[in-house]
Every structure is written in structure tokens, then in C-alpha cells.
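To start, the structure under review is shown below, and the notes come after it.
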Amino acid sequence: MKLDDTYIDVAVALPVYKTFTYSAPDDFAPLVAVGKRVLVPFGQRRVTGYIFGKIRSGGQRQIKSVLDVLDEQPLFPSSMVPFFKWIADYYKYPIGEVVKNALPGGLVVRDYALVNVTADGHKALQKGQATPPAARILSMLPPEGCREKELRKKIDPDIPGALLHTMEARGWIERKWELAGGRTRSRQERVVRLSDSLPSADGLTHAGSRIVDMLKTGRTLSVKELKAVVPRAAALIKPLEKAGYLVIDSRRIWRDPFGEAITPDCALTLTGEQQHAVNAVCASLGNGYATFLLQGVTGSGKTEVYLQVAAEVLKTGRTVVVLVPEIALITQIERRFRARFGECVGVLHSGLSAGERYDQWSRIRQGKATIAIGARSAIFAPVEDPGVIIVDEEHDSSYKQEGKLRYNARDLAVVRARQHGCIALLGSATPSVQSFYNVTAKKFVELRLHKRIAQRPLPPVRIVDLRQNRDARGVRRFVSAELHQAIKQTLERGEQVLLFLNRRGYASFPVCAACGQPVRCKHCDISLTLHQQANAYRCHYCGYSRSATSSCEFCGSASIKHLGLGTEKLETAVASLFPGARIARMDRDTTRRKGSIIKLLKGLQKKTIDILVGTQMIAKGHDFPNITLVGIICADLSLSFPDFRAGERTFQLLAQVAGRAGRGDAPGQVILQTYNPEHFSIAAATQQDFDAFYQQEIGFRRALAYPPFSRMIQLKVSGRNPQKTETHVRLLGDVCRKEKAAAPAQYRGLEIMGPIEASLARIADRHRWQILIKGLSARELHRFVHRLLSKNPSLFYARSVQVVIDVDPVFMM
């Protein structure tokens, strides 16, 4: 390190909570910029880091130097650094891992330890000098070696680190560090142009002359374009370059995730309510931060409001970010935006390949795409200066990430809008209780769309009490006479039917007819679901599968009763009732393949589908003009969840799916089947009356001090050994209570609940417990957990037990 080295602040892609100072030698100093990746030494390893800024001095200590700068251009703008820091602090997540989760996959480069057996290790094994655990490791290691992580997976996840260190010290094994990762790169293609000093064409072959003639237009052509005319062009261009006729170069090409072209459209004439909403939002553009909650009934034209607000933002030279809750909805809204704005639209979601996602990220970062559309991860779109961040269906729980970094994209949209001084526009027909409470608290501005476009009426909802159907057998138990008759009449009119059941598979509760035991997952405390098309029982939590011809594991009987209902059984039953109808199913099983969602949506649009059966995927934001009947098979499924938000989710789901009916010229109707017709969530959903639901629900929340009247952090503890896991979580619970008791005045608003076993006590062979910490003050709650984390790191980073901090948890099971 020299005195004139540049010092940089780097977040490393490892589970550490602070940034580190490195020096950039003279060779690298001109390449240093915020947002670029660097390869840095960290301990004995080399890892990827992200430059957060330059700093004046490295202090008096010895500063390590950067090993390499990995990017030509920054991956994210400097304006996102405060955003990443806020996320790391609020969600109690390592800062480098925050950036890693935000960026496209496949960009992280790091060292991996490759463990090999040495010659001395082979001798120790042959002479019986190794202890049984050490001998097992020596015998299991392959000749080419393997990574330490794979070794633990093969033998025992709890191999003591001290044992490996001892074996290494004795010379029985050795660790070799190798760089891996960084697989995702830009795609290049070879291009050809004429040389500036062209030699005589005498002696050229006919094919060579044709290539030279094609390039005389002055264009640079790709090898692919040349091959279309001269099939052997790829083999000829190298000799032609050596002879001085042409120059071979490369250029970046963009992987296209969109597929077919879209017919352009133009702005529609707005209703009075839509125009008022657009005017209110646009009046705030350029005046700093504001959050608007656009509450519009289903079919009221919220998307057109988004489009016209986006058009006004683009005129100011700023960018637009649009979030939708699920990949299934991206196709529809992306097509609407592309039809209006053309090629300036980019998409970001997990359904893209790593290369496609990297290309879309690069287009947005370079300003080639000024509108970024995607699911929750699009909140990290690398736009320099957003003017509006739109969150469609803001109530949807899909905005909450459940793995790794457990963020809520809706909440981050508001945070990012505040940091950039721009507009956050949240839209929904059924707003979340939290967002509407923020309206009443004057934190958000409310905008209402009370009427559907073209004065179309909301569909009437008819309730069918399934308690009257208990004696029915077969299909009639879940397809009532009223629903059957309505389907028949709808099909006779040439209209389409949507049947909603929020449970996939064929039979959700297979039971042995001989001994009464359910067919259970061997890795989870849950019954398996029969998937008839796949001829298998499957676990929807860990993915475990077994043949549908399997016998009972308890008594050996082959007689299994397939109880319970799923979309697959419903599809089969409806096909038996209406053999001439064209029936399709839309759930996770039928939409796994790329393009499958578009195929289903086109089938509805072109009327090649008469009846669509589906899960909640069909309830969100889709516009099916020819669907005039919606049948809700069982409205009660989500009410039984052990979660204080169960009533809210039920109301939102039912009101949303009911809103799919009657969105075209023909009026619609909804038949809602339920065992709980008196429940206030179901009653409010039948009337599409959000205000009535909110007034009752907010009263319950206030009485029990649940959000939005409090904040929560959940500590989720899991491990493979049930005794170790229980001991660990009880120790963690004791520490929580001691910490609170040590400062009763400081933490008097906190309540510590648990530890208690999770509702699903075992998933994927991990035994699950939870502690819920509830507080009236977010600052007090976060200070408490930060103190727990800093004073007791060993409790949060044990090898055999995992502790996850879930801030503002959504899924309580």
C-alpha cells in the first residue's frame, strides 16, 4: 500500500454486517466507481465486493488492496447505496448480501475450499491410525476432492470444524482454494466490416467475393447475416481477415425475453374519476415525495391511470418502476406498457434466464429502458432517477419475500420514493389494512375509483350455503345445483366461466381405507397431495414425491381413499358434467413451462377455452372480457389459517376473484359457495364493500394491539435435531426476557411471545419454532433486536440451528 492509493468503502458478499476499507493501487484507481464489483481478499479467501464510495483515509492500520475490478460499467447507481444501507439496517441483514440479492444471479465470484486426501491421509487410513470419524471422511472423499459444503452434505452436516483442522494439521487432508462463480456475462456476436485499405480482389473465390461485395455498402454485418447468403461464411472470414480484406470484431447483443411484437396503441379517454386521479398524481410530480393509494373497484381502469401517469413522468426525463405481485401478471401489464411506450420497457423477474435478467438489468442501468416492470425484485431496478414507483395490487402478500432477505417490496417502494423525492402510487381494489390505516393517519393520500369503466355494473354475488349440501355425494358436494345450472346457461350463451379453488392437485387428504392413517410426507408434518396427472403424491412444502401406487406405510394396505379437493379433481369433475366444454386449468402445475401462461391467456382471448379452473393466480388483475360467470367453489379455505390476517386475506381474495366477472359488454354474476355465510369477511366480499370490512377488522386489530397498531419481529428457529433445536430456542427465549428485564423502562412497550412450535412443526426435516416480539414503537423494537444480535452472535449463528430474523412477518405459520 502506498500513500497515494485510493481508499474505497466495500460491502463484501458474505454474512457480515459492516463495510470494509480497501486500497485501490494506481493501476486500478481510474477504474474505481460506485456500483462496480471488485475482487478483494477477506481473511484467507478472495470474495466479491461492491464499491459503495471513495473515502479520504484508510486510517493507521494496514489496508489490504483490491485484487481486480470486475466491471467495465457500474451495476447500480450511487443513489442506491443509501437504499441498500437502509434495507440492511431495517431487515437486520448483512449489507453485502443485500446487494447480492438485489443484483441478477450468477455475478458473485468467490473462493471455494476444495478438500483432498493427501498421500499421508491414505497411509493413515490403511494403517488404521485415523479415528472412526476421521476414517469415514478419508474414505468418503473422492480422488478429485470435493467442496467442504458437499462433504458435510454427504457425511454429516455437524462435522466439527476442529476435526477438519486437526486432519489438515496432521497432513491427512489439504484445502486448495479455487475461484468459482461469475457465470453470467453479456452475450457477444462476431461482426465483420471491410478493411480501411482494401487489397485487390484478384484471386478471391466466388464465396469470398460475395462476402466482400456485401460489406461494400459500408455496413457492419454479423456472421449470422453473412451465413444467410454465404453458408460457409464462418469458415471464410478468418482467411479474409489475414489477407487484409476485412476486420472481425464483436458486439453485444441483447437476449429478448418478450417474444412476439405488440401492436401499438394510444391513450384512452379517461372517465371523470380516472382524470381526477391522474391530475392529482401529476400535480405532485416534481414537488418531492408523496404516496397515493388508488383504491378502485375491479374493472375501474387503474392500469390506464398508471399508463397516463407514466407518460407524464417520462416527459420530465425521469424513469418509471412498475411492480406487480406475480409473474403471471407481468405478461399482461408488460404488453399494455409496450403497446403504449414501445422499446423503452424492460422487465425483471425470476422467470427470466440468468442471461436475460442480466441483459434487462443492463438495459435499465444504461438508460435504454426507462420503464422497469417486474415482480417484487424489480424494486431493485437500477434506475438513476425514478419519478414514480407504481405498486399494482399492493395488498398482495406475494410482495413479501420469504427466503434469504425477507423484504416487503411494497414497503420498500415507499422508502425508495421517499429517498428519491418521487411519487409512490399504490393501487388495489382491496387495499391492505396497513395501507388504508396510513390513509386515515394522513401518511398516504387516498384516490377513489367508485365505478367501472363504461358504466358497467359490478357483478351480483349469490351465496350458496354448502351446509345444505352435506348429504350430497360425488361432484354435487362441491358443485351445487345452483352453480351447475349457471354454468350450463353461461355455456349456452357462448360465454366463458371461471371456477376458483385455491388448492392445487387432485386430492389434498389421501387416507388409508384400512387403518385410517393419512399418507404423510416423510420430511414434513403434513399430508401429501395426490397429483393424478403426474401419478404421484407430492408435498407442497419440500417437494418430496412418491408413486400414487404406493401402499400404506403403516399397515401395507393398497386401498387409499382420495379425500379432499384440488383444482385437478375439480377440472375432472367439471369435464364429466360438461363433456362438450373446452376446459383449461391455471395453477402452478400447468404454468411451470415458459410461455404456458401466455398460451392460457390467448386461449381465453380467442375463446378457445370455455371454462377456466384455477387457483389464486386467476384472481389477480387479469382482464377477461368474455367471462360472465365466476364460481367460487369453497370460500372458507383461507379462513382456517392460524394467522391474525386470515380474515383480511379471505376478503381480498374473494373480492378480487369476483371482480373477474362482467368486465366486457355482457353483465356478469358470481356464485359463492361457503360453509360460513355469516362471517363478516365473506359478507363484505359479496357486497364488494371494503369500508364495511375495514371498520370491523380494524376494531379487532385495535383491541388485540396487532398491526397496524403495533410492529412485530419474528425469530424463526429451525434445526435437524429436535432436542438441540428446542434447547437452543428456549435459551434464546430466556435471553430475550433477560434483556427486556435488564431495561424495563426502555422496553416497557415490548411483549415477548413464545418460544412455541410453529403451526407446521417440521418442514424438510427441519424442526421449527418461533418467538414473536411485539412492540408499539418500531424504534424500540428494532433497538431491542439489534442489541440481542450484537450481544449474542453465537445464538444467531450456530452451526446446527438456524435463526432467521423476520421483520414485519406476513406468513405466521
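What the table shows:
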| item | result |
| --- | --- |
| Within the accessible area of the chain (1.4 Å probe), percent carbon and sulfur | 50 |
| Prolate/oblate/rounded label for the stretch 130-181 (Cα gyration tensor, a/c 1.5) | prolate |
| Accessible surface, per residue, of the chain when the full set of protein chains is kept, probe 1.4 Å, Å² | 45 |
| Cα centre as origin, Lys/Arg/Asp/Glu Cβ charges: the chain dipole, Debye | 1200 |
| For Thr628, residues with placed amide H under 5 Å, excluding near neighbours | Gln496, Gly662 |
| Per-residue [θ]222 nm for the chain (sum of -39500 (n - 2.57) over DSSP H runs n ≥ 4, rounded to 500) | -9500 deg cm²/dmol |
| Rounded to the nearest 10 Å², the accessible area of Glu492 at probe 1.4 Å | 130 |
| Electrostatic dipole magnitude of the stretch 448-496 [Cβ: Lys, Arg +1; Asp, Glu -1; Cα centre; debye, to 20] | 220 |
| For the stretch 336-493, radius of gyration divided by Kirkwood radius, i.e. Rg to Rh on alpha-carbons | 1.11 |
| Charge-dipole axis of the chain as Lys and Arg at +1 and Asp and Glu at -1 on Cβ define it, positive-most pick from Ile137, Gly272, Cys521 | Ile137 |
| Low-density loop cleavage sites - trypsin sites (Lys or Arg not before Pro) in the stretch 760-799, where at most 15 other Cβ are within 10 Å (DSSP) | Arg799 |
| Table column - 3J(HN,Hα) (Hz), the stretch 233-247, Karplus curve with 6.51, -1.76, 1.60, x for Gly and Pro | 4, 4, 7, 8, 5, 5, x, 5, 5, 5, 7, x, 7, 8, 10 |
| Cβ-placed point charges (K, R +1; D, E -1), dipole of the stretch 72-174 about Cα centre in debye, nearest 20 | 260 |
| Exposure of Cys634 as accessible area (Å², to 10), given a probe of 1.4 Å and all protein chains | 30 |
| Distance violations [Cα-Cα > 21 Å] among Lys599/Lys620; Lys522/Lys561; Lys92/Lys791; Lys149/Lys716; Lys716/Lys740; Lys443/Lys716 | Lys149/Lys716; Lys443/Lys716 |
| Extent along principal axes [Cα atoms of the chain; Å; largest to smallest] | 81, 77, 61 |
| Extreme residue, positive dipole direction of the stretch 354-494, given options Asn438, His484, Ala454 (C-beta unit charges) | His484 |
| Per-q log10 I(q)/I(0), the stretch 265-392, q = 0.13, 0.16, 0.19 Å⁻¹ (Debye; single scatterer per alpha-carbon; no solvent) | -0.50, -0.77, -1.09 |
| Karplus 3J(HN,Hα) series, Hz, for the stretch 498-513 with 6.51 cos²θ - 1.76 cosθ + 1.60 (x for Gly, Pro) | 10, 10, 10, 9, 8, 7, 8, x, 9, 9, 8, 9, x, 10, 5, 6 |
| Backbone HN-Hα couplings from phi across the stretch 140-152 [Karplus 6.51/-1.76/1.60, Hz, Gly and Pro as x] | 8, 6, x, x, 7, x, 7, 5, 4, 4, 5, 4, 5 |
| Listed residues Glu648, Glu150 arranged by accessible area, highest first, probe 1.4 Å | Glu150, Glu648 |
| Rh by Kirkwood over Cα pairs, then Stokes-Einstein D for the stretch 718-813 at 1.002 mPa s and 20 °C, µm²/s | 154 |
| Residues whose placed amide H lies under 5 Å from that of Cys512, excluding near-sequence neighbours | Gln517, Val519, Lys561 |
| Orphan Cys of the chain, criterion: no other Cys C-beta under 4.7 Å | Cys146, Cys266, Cys282, Cys344, Cys422, Cys542, Cys634, Cys736 |
| Charge dipole of the stretch 671-761 about the Cα centre (unit charges at C-beta), most positive-ward option of Ala703, Ser681, Ile671 | Ala703 |
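The values are calculated or read from the model by the stated rules, or taken from the named source; none is laboratory data. Remember, predicted model here, so these are calculated numbers, not experimental data. Quick reminder, even Gly has a Cβ in these numbers, built from the backbone with ideal geometry, and neighbours come from all protein chains shown. Remember, those area values only see protein heavy atoms, side chains included, never the ligands or the DNA or RNA. Shrake-Rupley method; radii C 1.70, N 1.55, O 1.52, S 1.80 Å.
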